[in-house]
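S.K.: Submitted below is the structure of interest, expressed as structure tokens.
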Amino acid sequence: YGGNYCKGDLGASPPREIEPLLLETKSNEFELSNQEAATEEAKGKDDSNSVVDDFPSNTHSKNIPLILTYTFVIFVGRSMWSQSVLSAMVYLMRNDNPESVGFLTAVMGVSQLVASLPSGVLADMYRRDSMLKVGSFVGATAIVVTLLASFSESYATLGVALALWGVFYGITNTSISALFADSIQDGKRSHYFTQRMMLTKLGSTGGPLVSLVMFAIMGDTWSTKDCATVMTFAQVICLPGIIILCFLSDNYIVEHYESGAPSTEITGVTVSPTEKHDVRESCDRNAESSEPSKSFLCLPEHRVIPVVIAASDVMTGCAAGMSIRYFTIFFMDNLQLSPSIVSLLGILAPLGQIVLHKLAHVGGERIGRCQMVVMFKWIGISLMVSMILAYKHDFHVSIVCTLYLLRTSFMNATSNLTKSVLMDSVPRNERGKWSALESVNMFSWSGSAALGGILVVKKGIIFNFYATAAFQFISTLPLILLFKRVKD
């Protein structure tokens, strides 16, 4: 207006009258703009607060309590039929033949391996909850076939039932371990894995407790009929755990909730916290790739920890499988223990493991997880040798059993530590595959159980125990290589 003003233009207003109006208009526009900005900012804060309010902590993730409940229930049933009762029933059914025990164990392990490898790949490619629903159906079928085998006391039918149970564990173990890890933030897995492992041991205590009561009522003698009755009741206990699998969901994992978290700005680009982590991880990998390639034992640096943990776990599984199915036979034949006493040992061993699991977790935070694993394993091996010597020198049965309980507690108190190290060292999209390693361990464990049966027949059960102790010591040596590599 001011630039086009002419004196002869009677309809024009002088600039001094227009400028205040323009300034007032601009001021109003700025005020309106500021008000809108303030409104948007307040709305953004409300949205941000609502996101924070809606974002649940790990303890509120629905997968975690469901998986912990499943773990307890399934191990109550499993420990009731799949430990001492199964070995005793097969041993008696096959006229005191320990090789038959190893053979059925191998059947279960092979079927678990065959099912786990594709299941781990499919769980990473698609949805883990879909695999768990398939596993739930297989588990229900396994229960029905096991009931038939128990009623008929058929060795062949029992073999089919164990094969189905192997498929069930192969499908569910890979997916549920990966889903559990996905539902927990990095740095917290050791805590929750320890909780789950303690529930595993607590469930393993509940099974022998029920079987102790049942054997005491039935006369406390070893017979195929009594063993079949206990196995039948155990299948009923397993059913609720199998149903729980249908309620687990990929929608409850940590990444699902983080996707709605407030965004963070990095170099002018707005990304979510999850994307920020991915960007930094990608940059770190690119930086590493620009440097001279590092390797250890012909392995890329980022693969050293998981591969070494895996190798140690496989060897540990082989060592354990050589003897674990034959402790029941040792108690029955060598120590002449009744079913109720063997069940009592099955109750006390997991209780000791619960205490030592917590001690291992605390010690792992202070001296290192791998260091704690090796220390506990060496203590357990020493106790194994002490148990053998006590038996050979005719020590009282109570002393032999006490050494067995201590040995079992120390040897089985550190699996949560190695699993947490493994899951912390692999990316999320590979956890299903690495979780399938448990089934490889089961296969090696089952294969070595068959080898253990041959050794028991050819060399005797004491020789088999010595071989187990030697192999367990060898399995700890790879972990020493990780003492300075694993960050605790």
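The values are calculated or read from the model by the stated rules, or taken from the named source; none is laboratory data. Please read these numbers as outputs of a predicted model, since none were measured by experiment. As a convention, Cβ positions derive from the backbone with ideal geometry for all residues, glycine included, and neighbour counts pool all protein chains shown. SASA here: full protein model, heavy atoms, side chains in, ligands and nucleic acids out. Shrake-Rupley method; radii C 1.70, N 1.55, O 1.52, S 1.80 Å.
S.K.: For segment 190-241, how many residues meet the condition of being of a type in the set (Asp, Glu) and under 18 Å from SER79 (Cβ atoms)?
M.R.: 1
S.K.: Continuing with this model, one more query. Among the candidates SER190, SER136, SER150, SER175, which residue alone is among the hydroxyl-bearing types (Ser, Thr, Tyr), crowded, with 18+ Cβ neighbours inside 10 Å and within 19 Å of PRO339 (Cβ to Cβ)?
M.R.: The conditions single out SER150.
Here's the yes/no breakdown for (1) touching a residue at least 12 places away in the same chain (Cβ under 8 Å); (2) on the phi > 0 side of the Ramachandran plot; (3) polar (S, T, N, Q):
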site: MET125; (1), (2), (3): no, no, no
site: MET131; (1), (2), (3): yes, no, no
site: ASN173; (1), (2), (3): yes, no, yes
site: MET197; (1), (2), (3): yes, no, no
site: GLY203; (1), (2), (3): yes, no, no
site: LEU212; (1), (2), (3): yes, no, no
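S.K.: Spot the failing condition for VAL90; the list is (1) open to solvent by less than 50 Å² (accessible area, probe 1.4 Å); (2) in contact with a Gly (Cβ under 7 Å, 6 or more places away or on another chain), and only one is missed.
M.R.: (2)
S.K.: Taking the condition of being open to solvent by 20 Å² or more (accessible area, probe 1.4 Å) and in a helix (DSSP H, G or I), how many residues in segment 207-219 meet it?
M.R.: 8
S.K.: Could you name every one of the helices (runs of 4 or more DSSP H) located completely within segment 327-441 that has at least 1 residues being under 21 Å from GLY452 (Cβ atoms)?
M.R.: 339-367, 369-392, 397-411, 415-424
S.K.: Going through segment 77-102 one residue at a time, which ones are under 19 Å from ALA349 (Cβ atoms) and out of contact with any Ser or Thr (no Cβ under 7 Å at 6 or more places or on another chain)?
M.R.: Residues satisfying the conditions are GLY77, ARG78, TRP81, SER82, GLN83, LEU86.
S.K.: I've got another one for you. Which residue is farthest from PHE168 (Cα to Cα), if the candidates are limited to segment 224-252 and must be of a type in the set (Val, Ile, Thr) and open to solvent by less than 10 Å² (accessible area, probe 1.4 Å)?
M.R.: VAL230
S.K.: Which of the residues belonging to segment 73-87 are open to solvent by 20 Å² or more (accessible area, probe 1.4 Å) and not in a helix (DSSP H, G or I)?
M.R.: GLN83 - this is the single residue of segment 73-87 that is open to solvent by 20 Å² or more (accessible area, probe 1.4 Å) and not in a helix (DSSP H, G or I).
S.K.: Now a separate question. If you scan segment 453-486, which residues turn out to be modelled with pLDDT under 90, open to solvent by 60 Å² or more (accessible area, probe 1.4 Å) and in contact with a Phe, Trp or Tyr (Cβ under 9 Å, 6 or more places away or on another chain)?
M.R.: Matches in segment 453-486: LEU481, ARG485.
S.K.: Can you tell me which of VAL101, VAL107 is buried (at least 24 other Cβ atoms within 10 Å of the Cβ), under 28 Å from SER223 (Cα atoms) and touching a residue at least 24 places away in the same chain (Cβ under 8 Å)?
M.R.: VAL101
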